[in-house]
Amino acid sequence: MNELLTVAGLAIDVLTREGPRALVRDVGFRLNRGEALGLVGESGSGKTLTCRALVRLLPSACRVVAGKVTLSGAGDLLAMDERALTEVRGRRVAMIFQNPTSHLDPVMRIGEQIAEGLILHQGLDRSVARRRSIELLDEVGIADPAHTVDAWPHQLSGGMRQRAMIAAALACEPDLLIADEPTTALDVTIQAQIIDLLRRLRGTHGLAVILVSHDLALVGDFCERVAVMRAGRIVEAGETAAILAHPRHPYTRELIGSQPRLVPPGHYFPVSGAPAERAPRVKLGGGAPLLEVADLVVTFQRPRRVLDLVRRRPATYVRAVDRVGFALASGDALGIVGESGSGKSTLARAIVGLVTPSAGAIRLVGDERETPRYRRVQMIFQDPLSALNPRLSVAQTLTEPLIVHRLCRRAEVATRVAALMAEVGLDPALAHRRPRQLSGGQCQRVGIARALALSPAILIADEPTSALDVTIQAQILNLLIRLRAERQLALILISHDLEVVRRVCERVIVMRHGRVVEEGPAERIFAAPQAGYTRELLAAIPGTRGFSGGTPLAWQGVA
Amino acid sequence: MERFRFLIWRPVQMLPVLLGVTLVTFVLVRSLPGDPVRVLLGPRARPEMIAATRHQFGLDEPLPVQYLFFLKNLLAGDLGRSIMYRAPVFEVIAERLAPTFLLIAYALVLSILLATTFATLAARNEGRFADHLVRGFCTAGLGLPGFWLGILLIMLLSVRLGWFPVSGYGETWLGHLHHLFLPALTVAIALAPVLTRNLRATLIEQMGADHAQAARSRGLTEGEVFRRHVVPNALLPTVNLLGVNLGWLIGGTVVIESVFSIPGLGQLMVASIFTRDYMLVQGITLVFALTIVAVNLTVDVLTVALDPRVVL
Amino acid sequence: MTEATAADRPAAAHVELPPMLLAGTALLGLWIVVAIGADWLAPYGPLEQDLSRTLQGPSAAHWLGTDNYGRDVLSRILHGARLDLQIAVLGVLFPFLIGNLIGLLAGYLGGWTDIVAMRLLEVTMAFPFLVLVIAIIAVLGPGLGSLYVALALVGWVSYARLTRAQVLVLKSADFVSAARVMGLGAWRVMWRHLLPNAVTPAVVFAMTDAVLVVLLGSALSYLGLGAQPPAAEWGVMIAEGQQFLASAWWICLFPGLAIVSLAMGFSLLADGLAERLGTRP
């Protein structure tokens, strides 16, 4: 009776040279007016294709081959002609996207992009449409709407751009908003603000929302119902609370189990739905000192233009890292947490020597001539694919440091490479593959093996899992936990994800604008954060609703 | 207008390039083989006469001094005297300027017309017959030697059919346009494929861009998306490409002027090489280089006007 | 849970060559065979005159006719393939080597090396390409040697610009950072990690450049600045035939077609290569 949208038997193919290949099969769900449905899955699960198919905005190589999408009062959207479809898009069903920067036209003013639907399809007068745009910008929480309406997209921050996108989507008062990973590209505090805004708009506009996300915790907070997708099919669907509490499908269990917030510290992340195993204990405290960073400052000069030179304007500098200090002993695991622009990556790059500090000291204990810097500290990178030379095979990548630094005899190289691959859990058959022929998780394992080839005492991992799906993230984090114990590695884990850091590290540094905001034992920081910013960060983490209610599920499988 | 302030200091920034350009032309022409004075005066000239002529042209000074004189004269608008024409280079060039620039502009307009028509046609019918046809035209057009095409066009349209004059420049404006049509078309056929190809690729890329997809999700029709979002975003790379390729277009006119015997700078330049009239070669090279510098400045202005993100 | 890898995706059709690449290779291969075997393939010598049979149209004895000296047009075209191919190869090779070296050094070293290289590049680019080439040939005197020198002096800028831009992007790529963190020396980073990845656009452009050089070489020879008569070169042949255009069109037409087919060969190769390597020109 109150039904807004019914999807039944949706199937999507991609056309390849070898013929059509199934991407989405037999997807069906219902949505009532004002309801929120979460579509959850990892990359390649077909969740984005599914929601794009609803308004028939699929990539050109993809085809809907079967199914029905019935929108109340409009009929089957899949059977409609293009003309009738433009009446539905924007007015009945609107969309917002993951990357607000690329989804806004860079050469059109914000106000015009919001108003164009009003002018072209509702026949509104320019000045009326403009006034309406200002109202909308005000409603989505933009501080100075009368001014922002004339701004260009590049003049706004990421969060503001997403708000402007939402304003444009809501301009024609749609009944349904499809939100495709709307916060993935944003910092965690901004993400919380956008989700709050969407929640408020649901109330005031009676909007139904389909929230597409890889983040189960986020969906748990926002949606009454959830559908879990994998390999193009819905594997489980139902009330959010019920599914989170009692997942039936093994994949759903794995997805929930890999959520860092549900893993007790000192344990491996559960893989394939199995309960978390206790990780080998690491002897804490009293390790030999390895690294001391004291009052470290890294500044970048803003590019100077000729005009600045002519006018004798002094060069301006940005402090990316501002008087940061800490010490690291062997076996330590230190987490560095912060949002983008906090200087955490620059700090890491300074420690490995990629960036020259402007002041302060980085003291690596030991004699530089005996053990050069590269044998003491190594780094693994965020984007595992771009961290590997695309022209070198896995074996070549791992051989290079051994040969160049004469770490073993030529005859032994092959055995060493095989041992390294085994240590990081890489199939020996992959030795002659190039990075492009590997999965993201495999690439990251190669990156780790390459770092280990030099047997460093310290391993810096700069957002090692943020480009990976959550189940793969669990595997890579487990590998780091194991290596740390086996090799007595000192680990510096840099992440925007507090929950991840909490599970892997005993000590945490919180950074903001290049400075250390708070430092201390991980458990203390989570239990009783001192700095206001830390509290803000913790409050912004999604999952406070869906997974809350004591710790029902959290430690269930463990105890 | 804040963003156009770069126009104030751009000339300062261009100074090194301009100096470099004058230095290159100067060095090039001064290292020409053969003594132009001997060529001019003939083998039986008396030494005093040779010395006097050399002095008259300032050729007896050391090279750095000659360069400074050259710069000083340049600032006064004096490009030296043409040995063959026995007239100031400036005047000789000024006489020939109009046909060349008219040809360049004419060819430019024709290439833009051809390129925008074909690229739009191809992009909006991607993968279909019209697209394949346009792409075929591009591949073929890229490999056509302009001078040969010009000769064929003369043979067919001028000699056989008599539609166009075989050579020359004409007397009236209409006559100019009539005379220059075939040469301009020849140059345009060489340039249009490059432009079409890139414009087509840009249009297709922009049609698939996220912001176009977002516009569709707001209910805009394909035509509205194309007009309002795709074209404005495709304009910028095209203008830049046009700027880069104008150098080629100018080069093309040099050859084509010789084919069609148009009394312009290109033909004059090739002729001066064989008569070793190096002041003239120098002057023409400079004029062409200054044209490019001016074109680049125009492209900068257009870039800033078309793209709000760009700050120069 | 297994992840999808690129190898599983439909793009695995890597072995399959784009048809354009095949067509381009075939066309070029044909001309290379002709250039090598011109002595056996050509019915007459390229300079062999027969003043009793001048300006004759295509016939069984002279498939493509004869010119004003009674030379066989077909034989001259076949022998001309040698010169025109040589122009294409040498006219691209020198700028390619010089430009890539300068681009690599300027991009990686930065600082003064970069400033000097960029000023040089800007000055060179301030001239219309052909005008500067002609001016340099004027200094050195018309001829093929001068043509190569001029092309090397002017043509390097395109390669330097492309490669420098690539190097600047790749310099901050994670895999280059990783190489530096591993303690590899500057030369090793440049040769093994930067250059092989940075050179792709330059290689694709080299094919497009070959098209331009073929056209340019024949145009300059046509103007009398490149290959000199009586050499069998296609541009020279067109220039010599132009005055007999009205009565003996074949002298001009066929060498032009030869230029078109050679240029198309490179053009198709460039397109196919760009498609194969995934870099649109």
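The values are calculated or read from the model by the stated rules, or taken from the named source; none is laboratory data. These numbers come from a predicted model, not from an experiment. Cβ: placed from backbone, ideal geometry, glycine included. Neighbour counts: every protein chain shown. To get the accessible areas, we keep the full protein, side chains included, count just its heavy atoms, and leave off ligands, DNA and RNA. Shrake-Rupley method; radii C 1.70, N 1.55, O 1.52, S 1.80 Å.
Quick one: what do you get for the protein assembly as shown if you divide its Cα Rg by 2.2 N^0.38 Å? Don't skip to the end; give the middle numbers.
Numbers: Rg = 34.9 Å, N = 1152, 2.2 N^0.38 = 32.0 Å.
After normalising by residue count via 2.2 N^0.38 Å, the value is 1.09.
Only helices enter this figure: runs of n ≥ 4 DSSP H residues, each worth -39500 (n - 2.57), summed and divided by the residues of chain A, yield -10000 deg cm²/dmol at 222 nm to the nearest 500. Shape class of segment C:133-190 from the Cα gyration tensor (axes a ≥ b ≥ c, square roots of the eigenvalues): prolate, since a/c reaches 1.5 or more and a/b is larger than b/c. Selection among A:His267, A:Ile12, A:Cys443 by position relative to the dipole of chain A gives A:Cys443 as farthest towards the positive end (Cβ unit charges, Cα centre). Quick one: grab the alpha carbon gyration tensor of chain C, order the square roots of its eigenvalues as a ≥ b ≥ c, and give me rounded if a/c is under 1.5, else prolate or oblate depending on whether a/b is larger than b/c. Oblate shape, in that a/c is at least 1.5 and b/c is the bigger or equal ratio.
Projected label points at B:Val109 and A:Gln301, each 7 Å from Cα along the beta carbon direction, are separated by 4.9 nanometres.
Please arrange A:Val40, B:Val311, A:Val14 by accessible surface area, largest first, computed with a 1.4 Å probe and ligands excluded. If you can, show how the numbers build up before the last one.
On the way: A:Val40 0, B:Val311 95, A:Val14 25 Å².
From most accessible down to least: B:Val311, A:Val14, A:Val40.
To the nearest 10, the accessible area of A:Val64 is 50 Å² with a 1.4 Å probe. For C:Leu162, the accessible surface of its heavy atoms amounts to roughly 60 Å² (probe 1.4 Å, protein chains only, rounded to the nearest 10).
Considering only alpha-carbon pairs that sit under 8 angstrom and 6 or more positions apart, the relative contact order computed for chain C is 26 percent. Can you send over the carbon and sulfur percentage of the accessible area for the protein assembly as shown, probe radius 1.4 Å, protein chains only? Of all accessible area on the protein assembly as shown, carbon and sulfur atoms account for 60 percent. Measuring between their Cα centroids, segment A:123-182 and segment A:432-507 lie 40 Å from each other. Note on A:Arg409 and A:Arg391: the extension gain reaches 4.0 nm, defined as 0.36 nm multiplied by sequence separation minus the Cα-Cα distance.
Dipole orientation for segment B:96-274: of the candidates B:Thr221, B:Phe101, B:Leu174, B:Thr221 has the Cα lying most toward the positive pole (charges on Cβ; Lys, Arg +1; Asp, Glu -1).
To the nearest 20 Debye, how big is the dipole of chain A about its Cα centre, given +1 on the beta carbon of each Lys and Arg and -1 on that of each Asp and Glu?
Values: 69 positive and 57 negative charges, 303 e Å.
Here chain A has a charge dipole of around 1460 debye.
Heavy-atom accessible area buried between chains A and C is around 2800 Å² (1.4 Å probe, both sides summed).
Ranking A:Ile119, A:Thr397, A:Val140 by Cα position along the charge dipole of chain A, where only Lys, Arg, Asp and Glu carry charges on their C-beta atoms, puts A:Thr397 farthest toward the positive end.
Helical runs (DSSP H, four residues minimum) scored at -39500 (n - 2.57) apiece and divided by the length of chain B put the mean residue ellipticity at 222 nm at -24500 deg cm²/dmol.
Sorting B:Val29, C:Val116 on solvent-accessible area from highest to lowest, probe radius 1.4 Å, gives C:Val116, B:Val29. Please compute the Cα-Cα pair-distance distribution of chain A with 10 Å bins starting at 0, giving whole percents from short to long. Values per bin, smallest distances first: 3, 15, 24, 25, 19, 11, 3, 0.
Could you rank B:Glu171, A:Glu370, A:Glu87 by how accessible they are, 1.4 Å probe, largest area first? Write down the numbers at each step before the final one.
Numbers: B:Glu171 170, A:Glu370 150, A:Glu87 85 Å².
The residues order as B:Glu171, A:Glu370, A:Glu87, largest area first.
Across chain A, C-alpha contacts under 8 Å between residues 6 or more apart give a mean separation that, scaled by the residue count, equals a relative contact order of 15 percent.
Using DSSP, restrict attention to beta bridges with both residues in the protein assembly as shown and report what percent are antiparallel, rounded to the nearest 5. Just about 55 percent of them are antiparallel. Here is the size of segment B:96-274 from its Cα atoms: Rg then Dmax, 18.9, 65 Å. The C-alpha atoms of chain A define a longest principal axis, and helix A:470-487 lies at about 10 degrees to it. Annotation for A:His147 and A:Arg515: the two label points, set 7 Å from Cα along the Cα-Cβ direction, are 2.5 nm apart.
To the nearest 10 degrees, how steep is helix A:188-205 against the longest Cα principal axis of chain A, on a 0 to 90 scale? Taking Cα atoms only, the helix is inclined about 10 degrees.
Let's test the formula: R0 of 56 Å, r as the Cβ-Cβ distance of C:Arg188 and B:Ser261. What FRET efficiency results, to the nearest 0.05? Walk me through the intermediate numbers first.
Working: r = 58 Å, r/R0 = 1.04.
Computed FRET efficiency for C:Arg188 and B:Ser261: 0.45.
If you place +1 on the Cβ of every Lys and Arg and -1 on the Cβ of every Asp and Glu, how big does the dipole about the Cα centre of chain C come out, in debye to the nearest 20? Mind dumping the intermediate values first?
Values: 14 positive and 17 negative charges, 155 e Å.
Charge dipole of chain C: 740 debye, to the nearest 20.
Between segment B:49-95 and segment A:220-263, the C-alpha centres lie 85 angstrom from each other.
Nearest 10 degrees is fine. How inclined is helix C:19-41 to the longest principal axis of chain C, computing both from alpha carbons? Value to nearest ten degrees: 40.
GNM on chain B, alpha-carbon springs under 10 angstrom: the most fluctuating residue among B:Ile50, B:Ile151, B:Ile250 is B:Ile50.
Evaluating 6.51 cos²θ - 1.76 cosθ + 1.60 at θ = phi - 60° for every residue in segment A:364-375, the Karplus couplings come out as 9, 5, x, 8, 4, 6, 6, 10, x, 3, 5, 8 Hz, glycine and proline recorded as x. Which stretch or stretches of segment B:110-135 have amide N atoms under 16 Å from the point lying 7 Å from B:Val231's Cα along the Cα→Cβ direction? Flagged as within label range: B:112-125. Between the alpha-carbon centres of segment B:209-248 and segment C:75-131 there is a gap of 33 Å.
In peptide A:7-20, how many Cβ atoms from other protein chains are near each Cβ within 10 Å, on average? Walk me through the numbers on the way to the answer.
Values: counts 0, 0, 0, 0, 0, 0, 0, 2, 1, 5, 5, 3, 1, 0.
Averaged over the peptide's residues, the number is 1.
For segment A:386-527, the calculated P(r) over all alpha carbon pairs, in 5 Å bins from 0 to the bin holding the longest distance, is 2, 9, 19, 19, 19, 13, 8, 6, 4, 1, 0 percent.
Counting only C-alpha contacts under 8 Å and six or more residues apart, can you give the relative contact order of segment B:96-274 as a whole percent?
Working: 198 pairs, mean separation 60.0, N = 179.
Taking the mean separation of contacting Cα pairs over the length of segment B:96-274, I get 34 percent.
As a check on your grasp of the helix formula, calculate [θ] at 222 nm for chain C: sum -39500 (n - 2.57) over DSSP H runs of n ≥ 4, divide by the residue count, round to the nearest 500. Present the calculation step by step, with values, prior to reporting the outcome.
Details: 10 runs with 188 residues, N = 281.
Taking each H run of at least 4 residues, the total per residue is -23000 deg cm²/dmol.
Evaluate E = 1/(1 + (r/R0)^6) for B:Arg10 and B:Thr117, where r is the Cβ-Cβ distance and R0 equals 35 Å; express this FRET efficiency to the nearest 0.05. For R0 = 35 Å, the calculated efficiency reads 0.55. With R₀ set to 35 Å, the beta-carbon distance separating A:Leu57 from A:Phe526 gives a calculated FRET efficiency near 0.25.
Note on segment B:113-202: with charges restricted to the Cβ of Lys and Arg (+1) and Asp and Glu (-1), its dipole about the Cα centre is near 260 debye. Extension gain for A:Ala242 to A:Ala288 (0.36 nm times residue separation, less C-alpha to C-alpha distance): 11.6 nm. In order along segment A:351-356, the Karplus-derived 3J(HN,Hα) couplings, from 6.51 cos²θ - 1.76 cosθ + 1.60 at θ = phi - 60°, round to 5, 7, x, 7, 10, 8 Hz, and Gly and Pro are given as x.
Would you work out if chain B is rounded, prolate or oblate? Take a ≥ b ≥ c from the square roots of the eigenvalues of the alpha-carbon gyration tensor; rounded if a/c is under 1.5, else prolate when a/b is larger than b/c, oblate otherwise. Here chain B falls in the oblate category.
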